[in-house]
Structure formats: C-alpha cells, structure tokens
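Note sheet for the following structure.
The values are calculated or read from the model by the stated rules, or taken from the named source; none is laboratory data. Given the structure is predicted, the values throughout are model-derived calculations rather than measurements. Here the Cβ is made from the backbone with ideal geometry for all residues, glycine too, and neighbour counts use every protein chain on show.
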Amino acid sequence: VALQQAARLIARRGLIVLISDLLMDVPEVERAMRTLRAMGHDVTVLHILDPAERDLPAAGEALFVDPESNLSVPASVADVRAAYQNTVVEVIDEWRAVLGAAGVSYEVVSTDAPFGVPLRRAFAVRQLLP
Amino acid sequence: VSFLAPLYLALGAAIAVPLLIHLMRRRIGVRVDFPAARYLLRAEKEHSRTLRIKNLLLMFLRVLAILAIAFAAARPLAEWVGAGHAPTAVAIVVDNSLSSSVVVNGHPLLAEFKSMMRDVLSSATSADRVWIVTIDGNVRGGSVALLRDEIDRMEAESGAGDPSLALSRAAAVVRASGLAARQIALVTDGQRTEWQRVPPLADAQVVLHVPSGPVAVNRAVTLAEARPSRWTPRGEVAARLQSTDSTTYRITLNGRTFARGTAAPNEEVTVHASPPERGWLAGTVELEPDELAADNSRPFAVWIGPAPGVSVSPGAGPFLKNAIDVLRSSSRVVDGHDIAVVSADEVTALPALIVAPGDPIHLGAANRALERLSIPWRFGARRSGEATAHGAELDGVNSTARYDLVAQTSAVADTLATVGQDAWIVAGGRYVIVASPISPDATNLPVRASFVPWLGSVLTERLVGEPGQVLSAEPGKRLPRPRWADGIETVDGQRTSIGDALDVPQRTGTYFLTLNGRRVGALVVAPPPGESVLDRYSARDLAPRLQVSRILVAPDASAWASLSFRAAARRSLIEPALIAALLLLLSETLVIRRRVALPQTA
C-alpha cells in the first residue's frame with residue numbers, strides 16, 4: 001500500500017528507494033515492484049537486517065514472538081541456529097532473485113556495518129543499468 | 001559386572017532431566033520479541049526432520065552420559081575378556097566353629113565347607129598362593145596337595161573360635177604375599193552369636209558365602225556346674241537346658257549316672273547329691289543327641305570329701321565357736337584338726353582361718369606365728385573408725401577396729417574383702433586371714449546373717465583339701481598359669497607340665513590340674529553357650545558387619561569357589577565409564593555446535 005501510494009505521488013519517472021526489513025510476503029512486494037517498474041520508476045530495495053535477525057539472539061530455550069503478527073515460535077537457539085541461518089540465506093537469495101527478475105536493484109544492509117558502503121554499491125549498480 | 005557401591009546406580013534416575021527437557025521444551029516460559037519469527041518458523045518447518053533427529057541424538061547422548069557417570073559412581077568391577085585369572089593370594093577362612101558340625105541333609109555342614117574349599121584349590125594355579133585359616137586363627141599354607149590334606153584332617157572346633165583373629169590373620173598373610181591380587185574367601189554359617197563384633201579391616205577384600213536354608217532346631221546343655229565346687233560331701237549340680245520342648249537329661253559323675261530327669265524348655269535344674277566318691281571328679285550333663293551333637297553334653301568338675309574336722313581356739317572368740325557349732329550341727333563340719341580356727345597369736349599349723357588378736361598386746365606374737373608358718377602377711381597399725389567392707393559376699397558388713405594387713409615381698413594372695421582401699425580379708429594357699437577380731441567391738445560380721453554361710457564357705461570350699469579350684473574356659477583360650485598347679489592331666493590320663501601360661505585344650509571336657517603329681521584342681525573346657533544358638537545372619541546381613549574395603553557375596557557354593565580367585569583379578573570399570581561419559585559429553589558439544597547438513601542455497 002505504501003509503495004502504491006508512493007507511485008501515485010510521483011508523476012514523472014523517478015527513483016524510488018525502499019528501505020525495509022522485508023518481513024512481508026514476497027508475492028505482494030513483487031507485485032508492487034513490478035507495478036513501479038511498469039510506471040518507469042527506478043527502484044532500489046535496501047533490505048535492513050539486524051545481526052540478531054541474521055544469527056538468532058542468544059536466548060537459550062525461549063518463545064520467539066513477532067509483536068506485529070503475534071506469531072510465536074518456541075525454539076532452542078542452540079538447536080536451530082544453524083538451520084535458521086541457512087533459512088535467512090535462502091530468504092535473501094529469494095529476494096535477490098525475485099527483485100532482480102523485476103528489474104529492481106537489491107542490497108542487504110546490516111545494522112552493525114557502516115550504512116554508506118551498501119548504499120554506494122546499490123547506486124553504483126544503478127549507474128550501470130540501461 | 002558387580003558393584004562396590006550399587007546404591008549409586010540410583011544416580012541413573014537423573015536421566016529424567018534430559019528426558020524432561022526434551023519433552024517439556026515446547027512449554028517454555030521465556031518470551032523474546034523477535035520480528036523475524038517467521039524465519040524461525042520456516043527454518044523449523046523446512047528442517048524439522050533434521051532438527052528432530054538432532055534433538056533425539058542430543059537426548060540420547062545426554063542420557064548415556066548420565067548413565068555412564070552413575071555407572072562409574074557405583075564402582076563397577078568386571079573381568080576383562082580373557083581366560084584364567086591373574087596370580088592371586090587367597091586366604092580361605094573357614095568357620096569350623098562348633099556350630100559347623102550341625103548335620104544338614106544328612107551331612108555335617110563342615111563337610112560342605114570342605115568340599116567348597118577343595119573346589120577353590122582346584123582353581124588354583126602354580127602362580128597363586130593359598131592359605132587356609134581356621135576360625136581359631138590358625139594359618140596353614142603350602143602346596144595345594146598339603147592344603148588338601150589339611151582339609152581332609154580338619155574337624156569342627158569345640159568352641160566359637162575367634163572370627164576377628166582369623167580374618168585379621170588372613171588379611172595379614174595375603175598382604176605379605178607381595179601379589180597385587182589379594183583375596184579372603186570366607187565361608188561361614190553366619191551364626192549371629194559368633195559375628196557380633198568384628199574389627200574393621202581396611203585393606204581386605206572378602207568373598208563371602210553363607211549357606212541358605214532352614215536352621216536346625218537345637219537342644220543343648222548351656223550350663224553344668226557343681227555348687228559349691230567342693231562337696232563335703234553334699235552338694236548340687238546345676239544345669240540349664242536349651243530346648244523348645246521338654247527334654248530328658250542325664251547327669252554322670254566319674255562315669256556313673258547318678259541322676260535322670262525331664263526338664264521344661266530353658267529350665268535350670270538343680271540336683272542334690274551326696275555321692276560316695278572322693279577327690280577331684282569329672283561329671284557331665286547330657287541330652288539325647290540331635291543334629292548338633294557337640295553341645296548335647298557339657299562337663300563339670302567337683303571335689304568331694306568328708307566334712308572337715310575343725311578346731312576352734314579359745315582366742316578366736318565365742319562368736320566363731322558358736323558359728324562352728326551351728327555348722328557342726330548341720331554336718332557341714334565335724335570335730336577334728338583338719339582346719340584350725342584361731343587367733344593369729346595362737347596359730348601353729350595350716351590350714352587355718354586366722355583372725356586378728358582381740359588384744360593389741362598379742363600383736364607381736366601374732367606376727368611371729370605368721371612368720372613361723374611362712375605366711376607372707378603381717379599385722380600392722382591398728383585402725384579405728386567405722387568403715388564398710390566390700391567383697392566375699394560381705395557387702396554391708398562394717399568394721400570399727402582392724403589392723404593393716406602388710407604384704408611381705410613374697411605375698412601372693414587373693415584379697416577376698418576390702419575396707420576402703422585396704423585389704424581386710426586375704427587368702428593364700430591354705431590360710432584365710434581376717435584383719436579384725438571376730439567380736440562386735442571390732443566388726444558387725446558375727447551378728448550378720450551372712451556370717452555362718454560365709455564361715456561355712458571358707459571352711460568347706462577354700463580351706464578343705466588341696467589348695468586348688470575349678471577353672472572354666474573356652475577351648476583354645478590361654479589362661480594365666482594358676483600358682484597352685486604345675487601340670488595338667490588330659491582326659492585320657494596323660495600328664496603334661498604347665499608353662500608360663502595355661503593353654504586351654506581344644507577338646508571339650510574336664511582336665512585335672514596337678515601339683516607334684518596330685519590332683520589339686522580342675523579345668524573345665526566347654527563351648528560358650530551362645531554357640532548353641534544357631535540363628536544365622538544371611539549373607540546380605542553379615543556383609544555390612546564385616547568392615548572391609550570390598551566384599552562380594554557369593555550366592556552359591558560354585559560362585560564362591562569361582563570368585564575366590566577371579567574377584568581379586570577383576571578390574572575396575574570406573575575409568576572406562578568416566579572416559580565414555582567424557583566422550584559422550586564431547587559428542588554432545590560437537591552435535592550442538594555442528595551445522596546440520598542442510599541443502600545449500602545458490
């Protein structure tokens with residue numbers, strides 16, 4: 001909805017940068033991206049990842065609750081950390097593939113690393129686009 | 001596998017902890033806000049099978065680690081794979097006490113023990129060292145052939161033996177063997193009265209066997225005693241019979257039956273007698289034989305002689321004279337000169353009951369008379385003041401005037417009664433000395449009811465006949481040498497001299513003690529009454545009473561024979577168990593840290 005609102009606000013073709021944790025459904029985002037691209041916008045997605053989201057917090061045995069959706073998952077961090085880390089990699093690869101197919105540049109931004117580096121990389125790639 | 005501390009196996013219950021963790025992990029109370037929960041859910045869904053296997057693997061590793069630790073804590077022992085046993089020092093302690101002669105299933109229990117010992121010997125190799133220790137503490141070593149001969153010759157003891165001595169000697173010989181594998185193999189009937197007190201043996205390892213099965217009902221003579229020990233010539237025989245029902249008994253004296261009767265269970269019977277025999281004699285109280293025949297007869301000894309002739313000197317005083325008259329009227333003594341009852345200043349011959357002179361002026365004459373008769377006592381300073389006497393069944397008697405009794409260097413005597421810390425009545429070989437005159441001015445003894453019985457006992461038990469007495473002892477014990485005897489006469493009439501101590505013979509019976517070839521006393525050898533009580537400890541009950549470093553209970557005879565060598569050669573499994581626990585915990589750590597094999601993403 002936010003992306004559609006942004007598309008309506010920009011009358012001319014322009015550059016839209018989406019900064020998000022991308023904790024949302026892929027098809028919806030993909031559809032919105034394709035719409036923006038169809039309107040002639042250049043779109044860049046900066047995927048914000050916290051280290052705790054990337055590696056799981058050191059919480060031992062705990063009930064992990066998403067405060068937005070109230071989704072709760074019990075887990076032992078030691079037991080699932082490896083699988084979780086693999087899943088995160090899979091998710092990033094999925095985003096990269098889906099957004100790439102839609103002509104959207106995609107960059108992962110870790111909150112524990114300088115923000116400028118991935119940003120410059122994203123826009124450097126942008127310069128190379130036709 | 002056996003365990004030295006099997007109670008620690010209960011630690012294995014701690015496996016409930018990882019099991020509960022595994023089962024309860026879906027009921028976690030800690031809540032973490034985590035926006036990326038959807039990734040977590042996806043990870044669990046995608047890798048649920050792998051995670052489940054991993055969790056199960058972790059649970060099993062943890063359970064096995066706990067079991068390995070509990071196993072190690074229980075101090076397991078097991079034989080290593082392989083044949084034979086390491087060179088072992090084995091001391092076979094056999095309880096051949098009197099109770100082992102009980103007949104079970106038609107054979108003496110000792111015969112079963114001997115068979116078991118032969119089985120142990122058949123397992124011995126030339127590298128082993130073996131000893132046999134009987135319950136009296138005797139140790140026999142040597143070749144297997146010699147030990148077999150020892151077993152063939154072995155008989156049940158006449159007494160309880162000394163289990164503590166036997167065990168400590170067994171521990172000492174295996175310790176001194178120099179071999180690393182040491183074992184005590186103990187076979188016993190587990191008799192409760194025998195295994196009451198066993199001192200700890202910290203470094204002993206014991207393989208124990210106690211036969212199971214019902215205990216024979218035993219009848220026994222637990223007391224046989226001549227009262228008094230000298231009859232002049234009348235007396236009585238007291239006997240106590242252990243039985244669950246009425247039983248007939250027979251009393252013999254000098255081989256002749258002089259009384260028969262029936263006694264109620266555990267009744268003490270008393271039979272009065274005035275036999276014609278004279279001198280030191282042996283007697284028995286007997287029952288019909290039962291499964292334990294060794295305690296169906298119990299010996300006693302008695303001296304029998306005519307009533308002694310007693311003379312009373314005027315200086316002894318009227319109270320003694322009147323008391324002698326009473327004894328004479330009851331025929332316990334007669335007129336005569338066998339024993340003199342005299343004031344010390346009048347004594348000229350022994351045996352004599354000597355009383356202090358009534359007038360201190362005669363004290364010098366009294367001491368000279370004592371010196372002439374080589375009596376090693378003298379009258380000393382006169383003491384006044386009321387004091388209570390103790391001993392010689394005279395408790396409660398007072399003395400208000402007395403002389404110190406001063407022992408000479410050679411004085412060897414019994415103190416029969418004391419006043420305060422001082423000797424008041426002393427006795428030697430053929431004399432009794434009272435330190436007070438027998439008059440109410442000096443003591444209330446002559447007006448006490450106990451006076452005449454005491455006087456009768458002194459005259460007819462202590463001063464009559466030879467200066468000996470009846471000693472009682474258990475077989476195999478050692479007594480101080482009695483100063484009134486120099487030899488011992490065996491049951492079959494053989495005489496041997498007594499050394500520095502009197503070694504009590506092993507066989508039950510009456511042995512006469514002699515002085516210069518004449519019978520002067522008797523030694524009655526009989527088992528302790530407790531040996532007739534056949535109640536047993538089970539092996540499980542007896543094992544903790546043996547305070548040894550390690551004990552294994554052999555459930556049957558063959559296991560006992562087998563374990564006698566193999567137990568000592570067995571190895572501890574503590575180290576392997578702890579290593580296994582460590583490896584399991586390391587594996588658990590690796591499984592936790594290891595990334596599970598997941599499909600690689602592009």
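Of all residues in the range A:92-112, those being free of Cβ contacts under 8 Å to residues at least 12 places away in the same chain and either crowded, with 16+ Cβ neighbours inside 10 Å or at positive phi (or both) number 1.
Is there a residue being within 20 Å of the chain's Cα centre (by Cα), farther than 19 Å from residue B:548 by Cα and in contact (Cβ under 8 Å) with a residue 60 or more places away in the chain anywhere in the range B:203-212? No, there is no match, as no residue in the range B:203-212 is within 20 Å of the chain's Cα centre (by Cα), farther than 19 Å from residue B:548 by Cα and in contact (Cβ under 8 Å) with a residue 60 or more places away in the chain.
The criterion of at least 2 residues that are more than 11 Å from chain A (Cβ to nearest Cβ), at pLDDT 85 or above and at negative phi is met by the following helices (runs of 4 or more DSSP H) wholly inside the range B:1-83: B:48-73.
Each row is one residue, and each column tells you yes or no for (1) of a type in the set (Val, Ile, Thr); (2) crowded, with 18+ Cβ neighbours inside 10 Å; (3) more than 26 Å from residue B:137 (Cα to Cα).
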residue: B:193; (1), (2), (3): yes, no, no
residue: B:204; (1), (2), (3): no, yes, no
residue: B:212; (1), (2), (3): no, no, no
residue: B:219; (1), (2), (3): no, yes, yes
residue: B:225; (1), (2), (3): no, yes, yes
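Checked against the criterion of being among the polar types (S, T, N, Q) and within 23 Å of residue B:293 (Cβ to Cβ), the candidates B:158, B:122 yield just one match: B:158.
State all residues of the range B:274-290 that are in a strand (DSSP E or B), in contact with a Lys or Arg (Cβ under 7 Å, 6 or more places away or on another chain) and surrounded by 15 or more Cβ atoms within 10 Å (Cβ to Cβ); if no residue qualifies, say none. Result: B:280, B:284, B:285, B:286, B:287.
Return the residue satisfying two criteria in turn: it lies in the range B:408-421 and is modelled with pLDDT of 80 or more and buried (at least 16 other Cβ atoms within 10 Å of the Cβ), and of such residues it is nearest to residue B:458 (Cα to Cα). Residue satisfying both the conditions and the ranking: B:416.
When B:359, B:345, B:335, B:325 are screened for being buried (at least 21 other Cβ atoms within 10 Å of the Cβ) and without any contact (Cβ under 8 Å) to a residue 40 or more places away in the chain, only B:345 passes.
Within the range B:164-205, being of a type in the set (Val, Ile, Thr) and closer than 16 Å to residue B:128 by Cα holds for B:173, B:174, B:184. Can you confirm whether residue B:471 is in a helix (DSSP H, G or I) and surrounded by 18 or more Cβ atoms within 10 Å (Cβ to Cβ)? Criteria not met by residue B:471.
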